[in-house]
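First up is the structure itself, then whatever we jot down about it.
The values are calculated or read from the model by the stated rules, or taken from the named source; none is laboratory data. A quick note: this is a predicted structure, and the numbers were derived from the prediction, not measured. Counting neighbours? That spans all protein chains shown, and the Cβs are built from the backbone with ideal geometry, glycine included.
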Amino acid sequence: MRTHARPWWQRALLTREMLTILILVAAWVVASAVVQGFDGPLTITYLVLDVAPVLLIALPMTLIIATGEIDLSVASVVGLSSVTFGLLHQAGFGLWVALPASVLLGAVCGAVNGTLVAYGGLPSLAVTIGSLALYRGLAVGLLGTTAVTDFPESWTDGATENLGESPWPVVTLGLVVLIAVFAVLLHATPFGRNVLDIGRSSEAARFSGVDVKRTLLVLFVLSGAVSALAGVYYTLRYGSARGDNATGMELQVVAAVLLGGVSIFGGRGAIHGVVAGVLLIGVLSSALRLEGVTVNVINIVIGTALVVSVVAPRIAGGLRVRRRPAVGQGS
Amino acid sequence: MRFTSVLAAGTAAVLALGLTACGGGGDEGGDGASGETEGATITMLPKNLGNPYFEASTAGAEEAAEELGATVDEVGPDTASPDSQVPFINTAAQQGVSALVISANDPTAIGDALDEARSAGTKVVTFDSDTEPQYRDLFVNQASAEGIADKQLELISDQIGGEGEIAILSASANATNQNAWIAIMEEKLASDYPDIELVETAYGDDDDQTSFDKTAALLQSHPDLKGIVSPTTVGIAAAARYVSTSEYKGKVAVTGLGTPNQMREYVDDGTVEAFALWNPTDLGYLATQAAAALVAGDITGEEGDTFEAGRLGEYTVGADGEVLLGEPFVFDKSNIDDFDF
């Protein structure tokens, strides 16, 4: 048993997640002070609406990356779910049928990925690059070059309207609930402990009785279902069901998750860090756009932040390892 | 423990943030002053940045703004995907600009965002590519779809001697403009050009390399192809570049919509006989003049409204809030050197 050199509250604050939260707060404070127009109520509204799909998908992605796996097919599931939702609406089904049906289809897409990864023993990177192409192909193939746009206004308004007079969109409630669910799942259940154990060492987890295969399958099914839910939201928000919706979003999701302090090698990660990572990208983009910075520069800033966030802990880790023996705490 | 004190400051900042967030937003920027365009702020939002066509239209917008004493800011996404313009429209609403001049990537996906901007007092003028009419005040149309389709068919028919196989190399499969033109061309081909057969419509996604590759594929899969019509500036340049260095040069006609600067060398070397377009600088100029007339309150976008558009003269708003720039213009060896865009 190692005795801690710092009191518990310092350990809680000096984490990788707190660093992201701190940078987020700093970015917000600086933007509010410096960027004209950032201090308005519309900022919160647009920020939440813009980040909602990425934030949703980032939740299960956090757990998947924490096991050391990855799901790159998520944006294609968004597209496929969008098309399914649109086609069912066009075929005369009510949206209360189309919504669960689309989410179910997403779960099936996730189950296909999960089965190939967990029971087929294939690397998730390869499997989900394949299904990224497969699901996108199905989505574009099903709807062709057309779009379904005649969704009832009560639904499309619901995706964008605010809670009363507040600047917070109604979807905030759904986001908060799902964030809470995933936070509890990862941090307060045996399932969540298993996820992190698998990430540290899949072998060791299996020997200590964790059902690695079933855990992975469940995670991919969750990822598919939540991505499909994001697809329905995306469709209603833009009032347009199209096969090419959300193309490339998987990279935004992975970027946000890594920025939030989840290790790409698995074994560590926390939901609050990821939420901060998603919001940080949203705040930076929003502030830079208001400043009239071109989109290429915005991409450079976010890309740099991402690279630094992945590289910095490695460098810090390297320094710590080198210093440890001198302190007499060699592992 | 310097890091700890930074954290303490951060925590304080969180609390301060909570307070300011409740304080609500400032009420900056324009509720369009009537009869006055001096100092008006106009946001120019093309489909994507780095496209020479939109660089020319922005130059026209800047020219008009200078005459009017207004300022123009050009912003835009790096890809022309359907939802990529939404954050920029939102930003314009947050800034409370007087007018937004936009070429729409999607007729509906940006509708809600435009609605919000308009309810914040921003006038919306679409140019080049329209949204559904209810989402904007005016649409400045570069040429009627009919006029463009007719002109391209006339050009290709002249160049291939009125008979044979042709193919179309379009932009993305969802492009509003191109799809409308292609639909009319298909109709007219069937009714007025019985000896010309459209064998394939390929999509180059307005990407140079993709368009180049699709041109190669078209020529390989249709050995009897006599002409390619590309109703997009990126596509026609890529197609001409491919044909100019291939065995098909002089045998397969390339025409469509292009810009003089991109097409000059292919007209000079004989790959391309003639192509059409409007003047995008004039288009940006007219759209900005129209936006200013809306901001000043001179017009409301009703059918029959007339306004003075600087050097282009007087324009009248047509049905569905449309303003038509004029007829498509044909560029060939005789006149191409008079243009620089």
Next item on the list: Check A:102, A:124 and return the single one that is in contact with an Asp or Glu (Cβ under 8 Å, 6 or more places away or on another chain) and more than 30 Å from residue A:284 (Cα to Cα).
Entry: A:124
Notebook entry, point to check: Within the bounds of the range B:206-216, is there any residue that is buried (at least 22 other Cβ atoms within 10 Å of the Cβ) and at positive phi?
Noted result: yes
Notebook entry, point to check: Has the range B:181-194 got at least one residue that is in contact with an Asp or Glu (Cβ under 8 Å, 6 or more places away or on another chain) and either within 14 Å of chain A (Cβ to nearest Cβ) or part of a loop (DSSP other than H, G, I, E, B) (or both)?
Noted result: no
Next item on the list: For residue B:106, work out the one condition from (1) under 18 Å from the mean Cα position of the chain (by Cα); (2) farther than 26 Å from residue B:145 by Cα; (3) of a type outside the set (A, V, I, L, M); (4) not in a helix (DSSP H, G or I) it doesn't fulfil.
Entry: (2)
Notebook entry, point to check: Name the helices (runs of 4 or more DSSP H) wholly within the range A:6-120 that hold at least 2 residues that are of a type in the set (Gly, Ala, Ser)?
Noted result: A:16-34, A:41-66, A:74-90, A:95-118
Next item on the list: Would you check if residue A:172 is among the β-branched types (Val, Ile, Thr), surrounded by 15 or more Cβ atoms within 10 Å (Cβ to Cβ), out of contact with any strand residue (DSSP E or B) (no Cβ under 8 Å at 6 or more places or on another chain) and more than 10 Å from chain B (Cβ to nearest Cβ)?
Entry: yes
Check: When residue B:115 is evaluated against the numbered criteria (1) surrounded by fewer than 24 Cβ atoms within 10 Å (Cβ to Cβ); (2) in contact with a Gly (Cβ under 8 Å, 6 or more places away or on another chain); (3) within 11 Å of chain A (Cβ to nearest Cβ), which criterion, by number, is the only one it fails?
Finding: (2)
Item checked: Selection from the range A:28-83 of residues that are of a type in the set (S, T, N, Q) and in contact (Cβ under 8 Å) with a residue 60 or more places away in the chain -> A:36, A:43, A:45, A:62, A:67, A:73, A:76, A:81, A:82
Notebook entry, point to check: Restricting to the range A:121-151, what's the tally of residues that are within 14 Å of chain B (Cβ to nearest Cβ) and in a loop (DSSP other than H, G, I, E, B)?
Noted result: 7
Checklist line | Index of the failed condition, residue B:87 passing every other in (1) more than 13 Å from the chain's Cα centre (by Cα); (2) touching a residue at least 12 places away in the same chain (Cβ under 8 Å); (3) not in a loop (DSSP other than H, G, I, E, B) | finding: (2)
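Given the structure, is residue A:118 surrounded by 21 or more Cβ atoms within 10 Å (Cβ to Cβ) and in contact with a Pro (Cβ under 9 Å, 6 or more places away or on another chain)?
no
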Next item on the list: Inspect the range B:229-243 for any residue being more than 25 Å from residue B:174 (Cβ to Cβ) and over 27 Å from the mean Cα position of the chain (by Cα) and give the result as yes or no.
Entry: no
Checklist line | Pairs with Cβ under 8 Å, 6+ apart, first in the range A:239-258 and more than 14 Å from residue A:72 (Cβ to Cβ) and in contact (Cβ under 8 Å) with a residue 40 or more places away in the chain, second among the hydroxyl-bearing types (Ser, Thr, Tyr) and in a loop (DSSP other than H, G, I, E, B) | finding: A:239/A:149; A:239/B:108; A:240/A:149; A:240/B:108; A:241/A:149; A:244/B:81
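Yes or no, residue by residue, for (1) modelled with pLDDT of 90 or more; (2) β-branched (Val, Ile, Thr); (3) surrounded by 23 or more Cβ atoms within 10 Å (Cβ to Cβ):
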residue	(1), (2), (3)
B:248	yes, no, no
B:251	yes, no, no
B:266	yes, no, no
B:274	yes, no, no
B:280	no, no, yes
B:295	yes, yes, yes
B:329	no, no, no
B:335	no, no, no
